[in-house]
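**Student:** My structure is below; once you've seen it, I'll send some questions.
Taken together, the values in this text are just the output of simple stated rules run on the coordinates, not laboratory data. Remember, predicted model here, so these are calculated numbers, not experimental data. We place every Cβ from the backbone using ideal geometry, glycine too, and count neighbours over all the protein chains shown.
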Amino acid sequence: MRILIIPTSDWLSHPIPSRLHFIFERLADRHEIHVIRYPIPLWNVRRNSKAFVHEAASFPIRDLSLYYVINAPNHLLLLDNILKSNKIDAIVFANILTGVESIIFGKKHRIPLVCDYLDHFPESASSYYTNPFAKTLVEAAVANITKWNLNKANYVVTVSKCFLNWLKEVGIRNTTLIPNGVDLQEFTSADRDDARERIGIRELEGKFVVTYTGSVESWYDLDMVARATQILNRLGVPTVFQVVGGHLVNRDNNRSIGFQRNVVQTGFVDNKSVSSHINASDVCVLPLKKMAKNLTRPLKLLEYFSCGKPVFMLPNSELELEFGDAITVYHNADELAKILLESARNPDKFLHKIEKGYRYAQMNSWDNHATSYEKLLKRIVDSNA
């Protein structure tokens, strides 16, 4: 098969590979995968790709909305040229504005389109705006574009049962669930002390380490974890909150969360090094706030499971439904502190949850999900032949 991917972000330079990256880099071993790269100046990580990468000519604009709008003529021209020059069997898109472009030219060239609905796009897009008017305007605009994209796509793949049910409720047909996964070779359990020595962060030595990995964004309540960490220290349990990835948080960047004591911030860490930071911890946290966009299955959860760590999280109906016997739910900082204290004093108490989580990770490898995507695309392509 020849598949064209319209990714969520820059295929080669975004610091965190997307789910489509994990899936289609695997499928590139046995299929002809084409990807459009949108060189957004926000990111400068460089990675290789097994796919045929087509670079879009773009003006370097840091605002994402303006970037896609102003560069649309160049993007449209490139997309049309790719479809004219290559016998593409299907298009998979996971971006809002470039998704519109994909539909326009996919329909023109009679190519089936698959929308990868990996996020609740209206809420995700508006979360970057603090002005209430701008926030409402962006959410409404993105909701309308997203609805159009979903209705025009031949098939919709999504990542959680909550999203799947929502799609059906709004009348989207031809939907299927292919959740997020984990690289079982990359994320494996290792000795905690060896991992601490490997990453070389002195502040972790002799401490009970609580770890969060991933983006530092408004939809995660890291403040609550920081407060629980301070409670443990006041109770005489030397504890550190390790925040791995994202930008550094301080009092001047609008996300001050009491990160002055007993918190280690690594800033961006290469994806291949994340497992060492997880293995250097005692427990991991998933502090997802109550938002529609968070009713998904974050990559980090399965990575925690695969490294054999107990996971503590805020209430989340999707994750409790799927992994309830492998996770521990807390509702506030005091409750989290109590659970952390139990784990510090008696880590074996959570051993059965760790074992359950590890089994869930084994069932949800990227290899398995790539095979599921491959079978779906073959079915779609064959029916279009």
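**Student:** If you stretched the chain out fully between VAL170 and ALA141, how much longer would it get, using 0.36 nm times the residue separation minus the C-alpha to C-alpha distance?
**Tutor:** Values: separation 29, 0.36 × 29 = 10.44 nm, distance 1.71 nm.
So the chain would gain 8.7 nm between VAL170 and ALA141.
**Student:** Go through ILE145, LEU351, PRO7 and say which Cα lies farthest out towards the positive end of the charge dipole of the chain; charges sit on Cβ, +1 for Lys and Arg, -1 for Asp and Glu.
**Tutor:** With unit charges placed on the Cβ atoms, the residue in question is ILE145.
**Student:** Here is a further query. Once you've got the Cα coordinates, tell me which of LYS168/LYS290; LYS84/LYS161; LYS107/LYS375; LYS168/LYS378; LYS50/LYS107; LYS84/LYS272 are over 30 Å apart.
**Tutor:** Working: LYS168/LYS290 22 Å; LYS84/LYS161 37 Å; LYS107/LYS375 22 Å; LYS168/LYS378 23 Å; LYS50/LYS107 27 Å; LYS84/LYS272 37 Å.
From LYS168/LYS290; LYS84/LYS161; LYS107/LYS375; LYS168/LYS378; LYS50/LYS107; LYS84/LYS272, over 30 Å: LYS84/LYS161; LYS84/LYS272.
**Student:** May I have the extent of the alpha carbons of the stretch 160-226 along their three principal axes, as whole Å values ordered from largest to smallest?
**Tutor:** In descending order, the Cα extents are 54, 32, 15 Å.
**Student:** In addition: Report the local net charge at THR211: Lys and Arg +1, Asp and Glu -1, summed over other residues whose C-beta lies under 12 Å from its C-beta. Working shown, then result.
**Tutor:** Values: positive: ARG192, ARG196, LYS207, LYS300, LYS309; negative: ASP282, GLU303.
Residues close to THR211 contribute a combined charge of +3.
**Student:** Which label belongs to the value computed from this structure, given these candidates for P(r) over Cα pairs in 20 Å bins from 0, in percent: (i) 22, 60, 18, 0; (ii) 23, 47, 29, 2; (iii) 27, 57, 16, 0?
**Tutor:** Looking at P(r) over Cα pairs in 20 Å bins from 0, in percent for this model, the match is (iii).
**Student:** Rounded to whole Å and sorted largest first, what semi-axes of the equivalent ellipsoid does the C-alpha gyration tensor of the stretch 144-296 yield via the square root of 5 times each eigenvalue?
**Tutor:** Values: eigenvalues 257, 73, 35 Å².
Semi-axes from the Cα gyration tensor: 36, 19, 13 Å.
**Student:** With charges set only on the Cβ (+1 for Lys and Arg, -1 for Asp and Glu), what does the dipole of the chain come to about its Cα centre, in debye to the nearest 20?
**Tutor:** Using only the charged Cβ atoms, the result is roughly 660 debye.
**Student:** Have a look at ARG62, ARG196, ARG359 and tell me which one the Gaussian network model of the chain (Cα, springs below 10 Å) gives the largest fluctuation.
**Tutor:** ARG62
**Student:** Right, another one. Quick one: among VAL45, VAL329, VAL244, which has the greatest mean-square fluctuation in a GNM of the chain with alpha-carbon springs under 10 angstrom?
**Tutor:** Among VAL45, VAL329, VAL244, the largest GNM mean-square fluctuation belongs to VAL45.
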